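One structure below.
The values are calculated or read from the model by the stated rules, or taken from the named source; none is laboratory data. This structure is a prediction, so every number in the text was calculated from the model and none was measured. Cβ placement follows ideal geometry from the backbone for every residue including glycine, while neighbour counts extend to all protein chains displayed. Each accessible area value is taken on the protein alone, full model and side chains, heavy atoms only, with ligands, DNA and RNA left out. Shrake-Rupley method; radii C 1.70, N 1.55, O 1.52, S 1.80 Å.
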Amino acid sequence: MWGGRFAEGPSAIMREINASIPFDKALWRQDIAASKAHVAMLGAQGIVSAEDATTISAGLDTVAAEYERDGVPENWDLEDIHMTTESRLAELIGPVAGRLHTARSRNDQVATDFRLWVRDAMDQADAGLEALQRALVMRAGEHADSIMPGFTHLQTAQPVTLGHHLMAYYEMIARDRSRFADARRRMNESPLGSAALAGTGFPIDRDATAAALGFDRPTRNSLDAVSDRDFALDYLMAASACALHLSRLAEEFIIWASQPFGFVKLPDTLSTGSSIMPQKKNPDAAELVRGHAGRVIGCATALMITMKGLPLAYSKDMQDDKPPVFEAAGLLALSIAAMTGMVADTTFVTSRMRHAAELGYATATDLADWLVREADIPFREAHHITGAAVKRAEADGVALDQLPLDVLKAIDARIDERVYKALSVDASVASRSSYGGTAPVQVEARVAEARKALGMD
Ligand code: ARG
């Protein structure tokens, strides 16, 4: 492509280090679409003849059909998807293929192709996350009043409802979706027509190519347009936050599935066995989601470090932008799908959850609150009295509501039989009816809103 200036061809090392075709062939659909938009505009503007534009466009369709059928050939001499496509086009239609690259550079070409690819990845993430939200809302609705221990420090804290716990993840996923949506809005500008770095003297119509490719408008600065990879970084940072959330959900399932908890039976379809221990059912999918989060965050870090300190405009370092984005997108899509299946198909062992809440002195706060409310005792003192009751229950190996009244009265005479109502886990969750609280009425209201937002009714 640049043989005119060179006396010698590239060494084997140069060819190998230079080749991005092994990975950027993933951009072939975007590359064809952008080239078709470009050549249609060149034809409409009279920069190439209408006849040549038609020939080139038809030739690009043929190349696309070949790629679809046979895959993209990997020839290192052709470096990347842009040159691979152009060279095949020249084989098919002859020297007129050389007119396609008028008023264009690979710098604006790759920036355009990659944006289109990342935009699709954002849309795919959003669709996957919506499906995960539906699964969460479905299961939360089934378990709006199923009681489980709520934890802080992974120590039993207060009883909560399983529906409330699941809806916490609905909220996290909603933020992930909004991060992708923000990023998509910001990135939806077309770099095409920025050419190598300075723009072009040809009378191009950037609005036309932007519109043809579904962009809201052309970018405003050609130097920025060819050297900007913020769209990829925004994607990776949104993906990192999302992967982090998925890893937390995965960790919950891993803990809940362990035998001492026994809160869930994971779907067979998302578990594996052991080759030596016949009783084992391992939460491998959840563990891999937990692990993949580290790799996605690594991808984001990799691209930030590639971009730091690069002067304007394009530098070849930027060819390294694609592998981390492609890798993160694959990992994220799998993680979302795995967690959606896990949420949808896990069996919740509600009896075990309830039992654990009852055993863990989870209603101690309710006893303290009862003393404040019914006996007008300052909260700090009520906390102390309740601590003594828990100590006694622990010594006797019983739940709080199994302590006889005379024992409670010996701890503090102001306690009477009405306290037992407050000590049940059902009374505890029902009482937490503040907006956004765990009471079944609140959970049902949040589930109803979410179903409406997702168009599930
Ligand atoms: N293969 C290159 C990349 O992926 C395309 C852009 C090349 N531009 C250049 N000036 N060498 O970044």
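Scanning region 411-430 for residues that are open to solvent by 40 Å² or more (accessible area, probe 1.4 Å) and within 46 Å of the chain's Cα centre (by Cα) yields TYR420, LYS421, ASP426, ALA430. Out of (1) away from the ligand (no atom under 16 Å from the Cβ); (2) more than 22 Å from LEU192 (Cα to Cα), the odd one out for GLN45 is which? The failed condition is (2). Within region 33-51, the set of residues being without any contact (Cβ under 8 Å) to a residue 24 or more places away in the chain and either closer than 21 Å to GLU68 by Cα or of a type in the set (A, V, I, L, M) (or both) comprises just one member, ALA50. Restricting region 295-325 to residues that are open to solvent by 40 Å² or more (accessible area, probe 1.4 Å) and either more than 16 Å from the ligand (Cβ to nearest atom) or among the small types (Gly, Ala, Ser) (or both), the residue that is farthest from LEU27 (Cα to Cα) is GLY309. Counting only helices (runs of 4 or more DSSP H) that sit completely within region 1-106, those holding 3 or more residues that are in contact with a Lys or Arg (Cβ under 8 Å, 6 or more places away or on another chain), hydrophobic (A, V, I, L, M, F, W, C) and at pLDDT 95 or above correspond to 50-70. Taking the criterion of being open to solvent by 60 Å² or more (accessible area, probe 1.4 Å) and either free of Cβ contacts under 8 Å to residues at least 24 places away in the same chain or among the hydrophobic types (A, V, I, L, M, F, W, C) (or both), the residues of region 434-457 that qualify are SER434, TYR435, VAL441, GLU449, LYS452, ALA453, ASP457.
Is at least one residue of region 278-294 open to solvent by 60 Å² or more (accessible area, probe 1.4 Å), within 16 Å of the ligand (Cβ to nearest atom) and modelled with pLDDT of 95 or more? Checking region 278-294: not a single residue is open to solvent by 60 Å² or more (accessible area, probe 1.4 Å), within 16 Å of the ligand (Cβ to nearest atom) and modelled with pLDDT of 95 or more. Selection over region 343-364 of residues that are under 30 Å from ASP126 (Cα atoms) and either in contact with a strand residue (DSSP E or B) (Cβ under 9 Å, 6 or more places away or on another chain) or surrounded by fewer than 19 Cβ atoms within 10 Å (Cβ to Cβ) (or both) gives a count of 5. Please indicate, with yes or no, whether at least one residue in region 326-338 is open to solvent by less than 20 Å² (accessible area, probe 1.4 Å), hydroxyl-bearing (Ser, Thr, Tyr) and either more than 30 Å from SER227 (Cα to Cα) or more than 16 Å from the ligand (Cβ to nearest atom) (or both). Within region 326-338 (the criterion being open to solvent by less than 20 Å² (accessible area, probe 1.4 Å), hydroxyl-bearing (Ser, Thr, Tyr) and either more than 30 Å from SER227 (Cα to Cα) or more than 16 Å from the ligand (Cβ to nearest atom) (or both)), the answer is yes, since at least one residue qualifies.
Restricted to region 1-23, and to residues there that are aromatic (Phe, Trp, Tyr) and free of Cβ contacts under 8 Å to residues at least 24 places away in the same chain, the residue that is nearest to ILE81 (Cα to Cα) is TRP2. Exactly one residue out of ARG179, ARG220, ARG206 is touching a Gly at 6+ places or on another chain (Cβ under 6 Å) and at pLDDT 95 or above: that is ARG206. Each residue in region 94-118 was checked for being more than 16 Å from the ligand (Cβ to nearest atom) and surrounded by fewer than 20 Cβ atoms within 10 Å (Cβ to Cβ), and 6 of them qualify.
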